[in-house]
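One structure below.
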Amino acid sequence: MGMSSKPHIIHKATLPRLLRYRDRAVEPFVSSNVESEDEEEIVETIEQEEEKSVYYYFVPPRNQHDPCPDEILATNETLKLYHLLFHGTCFLPFSSMSPAELHGWEKLVCFFLGRTQFVKPVKNNGPLMGGVMWAEGWRKSSKKGECLERYCSVACLSALIELFQYNPEDKAASFWEANNWIATHLEELAPGVLEQYRQLLIEGKLPSFAQMEYKWAPFYLTRQCVHVAFLFYHVDTDANTWTLVCWIPIFNPLTSTENDPILADDGFDMIGGHFTFHDFQVYLDLNNVLGVTMCVFRSQAHSHQTLKGASPSDRYTRLGFSCQMSEKISNAVVDYINTKNKACKIVSGQQVQIDNAEAKLAKKKID
């Protein structure tokens, strides 16, 4: 795992071993094998030629298992056995951000919160134990005659259209802006992963998160899952090998006042809510650094879990999102591409949903 931190001196005797491990680790995202069962864990910082320092934590074989496999939720006692990660390029403190960077994260939070007006919370997500989760982007349609659709509640959309609070061009622009913001930060954190997302979209002719209509072109990101939730430990079954997850500490939108900012301030008092990897006895502490936390991992291979968090004052919460590529949408796209008479298959993008919402309003007036 590579992360930035303040450099420190490395003993000469240790350097060859660290360089050997580093060469494996910096091939971002290829599983590394540790040479010996007796190998010690290594936590070091190596200064790079470009004057950046990279933090490495190598998990020894003896820790590559779940110490308490019968626990549904990792307890505080179990977490004491884990290695804690709380600094590095995964952690972006608000205090180090420029005004433009802070504003960008604020806009992303507002974008996701605004989308809850159009989509209903996810009800049947297997790992979900508590909190609220929404899905955004494209999915396989369950409606007769439709094969693909964007996540949207036609009832919610028609209500906003009736109040003249929906502008299709503005909504499309907001998706592009959010898509590009996330893609830019993913490229900085893990450029190889962004390229894998892109190649999966190209090879599968899949619609991207930013597309309001299915007119295939090789864009970047896929479906987003936005959540204020905690989960059972699980592995994912999506089409993508690597998954980006991100958490942003914010003022609780259900209890905040008009004078409260969007991003959490120094009063942030969340406890718990850690992101854990059971099979490697490692967890991310999302409370140690007041700022954005980003993580990329092999979601199909590594068991992971978001633990329950709480704000004693009830003033704060944490908005999280992940970028995933559902196998169901992948299969639905294949079926659509292989369908000879595509006119019989409806793809419900933004315009179809607007038409359905307006038809609902017209029927309401007649009734």
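Just a few scattered comments:
- Residue within segment 143-164 that is modelled with pLDDT under 80 and small (G, A, S) present: yes
- Members of segment 139-159 found to be among the aliphatic types (A, V, I, L, M) and surrounded by fewer than 16 Cβ atoms within 10 Å (Cβ to Cβ), listed by number: A155
- Leading residue by the ranking (modelled with the highest pLDDT) among those in segment 325-347 that are polar (S, T, N, Q) and either part of a strand (DSSP E or B) or crowded, with 18+ Cβ neighbours inside 10 Å (or both): S330
- Among the residues of segment 66-105, the ones that are farther than 21 Å from L244 by Cβ, out of contact with any Pro (no Cβ under 9 Å at 6 or more places or on another chain) and not aliphatic (A, V, I, L, M) come to 15 in all.
- For segment 225-324, the strands (runs of 3 or more DSSP E) that sit wholly inside it and include 1 or more residues that are at pLDDT 90 or above and within 23 Å of N179 (Cα to Cα) are 242-251, 291-298, 316-324.
- Scanning segment 93-138 for residues that are more than 28 Å from E213 (Cβ to Cβ) and modelled with pLDDT under 85 turns up G126, P127, L128, M129, G130, G131, V132.
- Remark: pairs (first residue in segment 158-184, in the same structural domain as Q117 (by TED's automatic domain parsing); second residue acidic (D, E); Cβ separation under 8 Å; 6+ apart in sequence or on different chains) = S158/E358; I161/E358.
- When segment 183-207 is filtered for residues that are of a type outside the set (D, E, K, R) and in contact with a Leu (Cβ under 6 Å, 6 or more places away or on another chain), the ones remaining, listed by number, are A183, L186, L194.
The values are calculated or read from the model by the stated rules, or taken from the named source; none is laboratory data. Keep in mind that what you see is a predicted model, and the values were worked out from it rather than measured. Cβ atoms come from the backbone with ideal geometry, glycine included; neighbour counts cover every protein chain shown.
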